[in-house]
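Right, one structure below, let's go through it.
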Amino acid sequence: MSTQAVIGGVGEGTAARRREQRGWYWYDWANSVYSTSVLTVFLGPYLTSVARAAAGPDGFVHPLGIPVRAGSFFAYSVSASLLLSVLAMPVAGALVDRTGRKKPLLGCCAYTGAAATAGMFFLAGDRYLLGGALLIIANVSFVVSMMLYNSFLPQIAEPDERDAVSSRGWAFGYAAGALVLIVDLALYAGHDSFGVSEGTAVRICLASAGLWWGAFSLIPLRRLRDRRAARSAVADGPGGAALGQGWRQLRETLREMRRHPLTLAFLLAYLVYNDGVQTVISQASVYGSEELGLDQTTLIIAVLLVQILAAAGAMLMGRMARRYGAQRTILGSLAAWALTLAAGFFLPAKEPVWFFALAAAIGLVLGGSQALSRSLFSHLIPRGKEAEYFSAYEMSDRGVSWLGPLVFGMTYQLTGSYRDAIVSLVAFFAVGFVLLARVPVRRAIAAAGNSVPDRI
């Protein structure tokens, strides 16, 4: 097996490293609008309404002949996209490992996802299958690009600055999401004055997220640089076809990670609690519109509140990590997540103020829990194995996060209640808390051959 050798990580000029970090932040700025405007705000309720328009009298649609309650179609589509990501990420990891050309592959994924998102402008009438297909393409591209993007972190930041760099990236992304949501809110709320229908306004918001993603991806693609990869006969030989090589690399990575059981223990904890985070992100707007009866304007304002507070929360939790350590700060955020979702079960319908309170609580812990998890994992990677380890991390981050949407969708399908569906996610945070609390992080960092920061 070949692994990506980090050449230039140690001894790089500070100015050059800072310039690359600033370029790295811009990909968070570029893609976070997809995550916010598309996945979190507009696509869930809109695709659900399209599926309902295509449903029969019993309220079911039949993709591939399978009966699916229209209200569950979006959740199942998200789950399917994440399952396909599990297949795509090892292929991407193998290509990077064999060639060292991480940046071109990042660009390919970014522009494929951006094009699919822009194509959502044509999602109208009863074209729910088109919406599901575009969602799957965009989300797979998004997931793979984030795996490649995250793997740059240990190459562009020294160990003692990774919490701060990762937190700034998340804050930068949330700031972009907030900015675009303000524009989306103006368009959606004033669609009559702009001479467009409500549905057309939603489709413009969806498509503009794709254009934003593509336009601002140019900056990181100009500033980030590839590191040369070591090559081996296994990687270059005739048996090195991308898919086969990808799965061989994944098996080899997992075999390698067995020599670092504490790193695996962290990944298991992260897999569980992050599944809950990703499901809340993708399903919150559906819960607000379908169960609480809130209009789209209210949902946009709520998510805008999340974006603003998440940017501030990421920076605040970054400071807390410097004082209390990343692990303790993440554990505190998981407890807050569980309490927030439990409270969400009792929210009264058609009462926006309570939904705003829920959004504020989520915003304060969202950015920080994600940013600190990313930086904490970067300490647990043996030097020179960043690409393959972050491939496994991203599979935990999003590629294995299909279980939460599946549980959410199945709970609704069985009970017909989105309240039951949302409270079922508390289990992911409770179990994740217990698993993470059992990981001896200092020993894990030392076992990976890395220096242990003063505060972790």
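The values are calculated or read from the model by the stated rules, or taken from the named source; none is laboratory data. It should be emphasised that the depicted structure is a prediction, and the values quoted were computed from it without experimental measurement. Using ideal geometry, Cβ is built from the backbone for each residue, glycine included, and neighbour counts are taken over all protein chains shown. These area figures cover heavy atoms from the full protein model, side chains too; ligands, DNA and RNA do not enter into them. Shrake-Rupley method; radii C 1.70, N 1.55, O 1.52, S 1.80 Å.
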Worksheet item: Under 13 Å Cα-Cα from LYS385, which aspartates and glutamates qualify once same-chain neighbours fewer than 8 residues away are excluded?
Response: ASP97, GLU252, GLU256
Discussion item. Shape verdict for the stretch 136-195, please, from the Cα gyration tensor: rounded (a/c under 1.5), prolate (a/b greater than b/c) or oblate.
Written reply: oblate
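Determine the order of LYS350, LYS102 by accessible area, beginning with the largest, at a probe radius of 1.4 Å.
Result of the area sort, largest leading: LYS350, LYS102.
Contour minus end-to-end for ASP420 and ALA447, with contour as 0.36 nm per residue of separation and end-to-end as the Cα-Cα distance?
Details: separation 27, 0.36 × 27 = 9.72 nm, distance 4.20 nm.
Net length gain for the segment: 5.5 nm.
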Worksheet item: Distance from the Cα centre of the stretch 136-158 to that of the stretch 420-456, in angstrom?
Response: 21 Å
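When the accessible area of the stretch 309-364 is computed with all protein chains present and a 1.4 Å probe, what percentage of it is carbon and sulfur? Don't jump to the answer; show the numbers that get you there.
Numbers: 1980 of 2770 Å².
Its accessible area is 71 percent carbon and sulfur atoms.
Defining a contact as two alpha carbons under 8 Å apart and six or more residues distant in sequence, what relative contact order in percent does the chain show? Present the calculation step by step, with values, prior to reporting the outcome.
Working: 796 pairs, mean separation 128.1, N = 456.
Worked out over the chain, it gives 28 percent.
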Worksheet item: What residues of the stretch 320-347 lie in the reach of a label at ASP454, counting those whose backbone N is under 19 Å from a point 7 Å from the Cα along Cα→Cβ?
Response: 320-329
Worksheet item: Given [x] 161; [y] 148; [z] 132, which label gives volume of the Cα convex hull per residue in Å³ as computed from the coordinates?
Response: [z]
Worksheet entry | Euclidean distance of C-alpha centroids, the stretch 275-299 and the stretch 35-114, integer Å | 17 Å
Item to complete: Calculate, for the chain, the solvent-accessible area per residue in square angstrom, rolling a 1.4 angstrom probe over the heavy atoms of the protein chains.
Response: 37 Å²
